[in-house]
Amino acid sequence: MRMRKKVRKWFYNIPFYDLYKAIKYKAELEGIDVVKVKEFVEDDSGKKKGSSQTCCHCGNKGNRVYRGLFYCPHCQLPILKNFNLNLISFLSN
């Protein structure tokens, strides 16, 4: 996204809650539900389950191959890193 420096500076300094309220407001106008999920969820042993190294398909540890690409060697699933983390967060709630 190309923005002027002044707008870019304002956009990156906006508090998260204010951004969430603005997105929720606009989504409600269009009839879209907004679901807020936790970034990390602790399992029974107290470990963080929703890390970016956990595969959303099998739950085993994978690694980031290139920039935003996540690869799980166990189930051989290539997936976008952010999509993987969002699926973990969504499925654990």
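The values are calculated or read from the model by the stated rules, or taken from the named source; none is laboratory data. Being a predicted model, the structure only gives us computed values, none of them experimental. When we count neighbours, we look across all protein chains shown, and the Cβ atoms used for this are built from the backbone with ideal geometry, even at glycine.
Would you mind stating whether Lys81 is modelled with pLDDT under 65 and not assigned by TED's automatic domain parsing to the domain that holds Lys24?
So Lys81 does not fit the description; no.
Within region 6-43, count every residue that is at pLDDT below 80 and of a type outside the set (A, V, I, L, M, F, W, C).
Residues meeting the conditions: 10.
Which residues, counting only those in region 63-85, are part of a helix (DSSP H, G or I) and crowded, with 16+ Cβ neighbours inside 10 Å?
The initial filter retains those residues of region 63-85 that are part of a helix (DSSP H, G or I), namely 81-85.
Correct list: Lys81, Asn84, Leu85.
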